[in-house]
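The values are calculated or read from the model by the stated rules, or taken from the named source; none is laboratory data. Keep in mind the model is a prediction, meaning the values are calculated, not measured. Every residue, glycine as well, gets a Cβ built from its backbone with ideal geometry; the counts of neighbours run over all protein chains shown. Side chains are part of the model used for accessible areas, which takes the heavy atoms of the whole protein and leaves out ligands, DNA and RNA. Shrake-Rupley method; radii C 1.70, N 1.55, O 1.52, S 1.80 Å.
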Amino acid sequence: MYHQVKQALSHKAIENVYDLYRNSVNSVYIDDHWCDRFAPLLVGKAMLAKYTTEEFDFVWKEVKPHIEEKMGNTELVYSRIIKYNPGCYIQEHVDGVIYTNKQDHNLSVIIAITDQKDYRGGEMYIGGEYLEQDPGDMIFYGYDVPHEIKPIKTGIRYVINLRCQVG
């Protein structure tokens, strides 16, 4: 099961996300250690950019009420941007299975920030259902929901991926 919210994130916040992405340095302090901000995604083929919850506070303030309306008390754990170049994809999977440490999150949030006319391919399937997203639209789902992103054919697709803990 998933939830979809149209226009959960403002155009101004999307502009600020792009600015943050373009102006980010490669090292970031997350989970009590320094790590590379930009790295390959562990599932599929795409590029991941990691951010602190403080850096993404302006995004969280806008989307949190929409999430909590459906899920109850929710905490932001990880903030990321995923970049899909031509040929990039994420094969069908469920979240959380690749983590070997204590699971501190159980809800995935995907917020589109690229207009669909700027790329071809990259279709999002959740639970076998094709979902379209305009910039600012948000989809969230639990870790038991299978999902995938089909390969990008042309252009570049960016999304925000938040990892949250419900309850």
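For the reader, a short list of remarks on this structure follows.
- Among the residues of the range 134-165, those identified as under 16 Å from residue 10 (Cα atoms) and open to solvent by 10 Å² or more (accessible area, probe 1.4 Å) are 134, 135, 158.
Residues checked against (1) among the polar types (S, T, N, Q); (2) under 15 Å from the mean Cα position of the chain (by Cα); (3) exposed (fewer than 11 other Cβ atoms within 10 Å of the Cβ); (4) farther than 20 Å from residue 119 by Cβ:
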residue: 35; (1), (2), (3), (4): no, no, no, yes
residue: 44; (1), (2), (3), (4): no, yes, no, no
residue: 56; (1), (2), (3), (4): no, yes, no, yes
residue: 66; (1), (2), (3), (4): no, no, no, yes
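- Counting only strands (runs of 3 or more DSSP E) that sit completely within the range 1-59, those holding 1 or more residues that are within 20 Å of residue 140 (Cα to Cα) correspond to 2-5, 47-51.
- Qualifying residue in the range 99-110 (condition: assigned to a loop (DSSP other than H, G, I, E, B), at pLDDT below 95, open to solvent by less than 20 Å² (accessible area, probe 1.4 Å) and out of contact with any Pro (no Cβ under 6 Å at 6 or more places or on another chain)): yes
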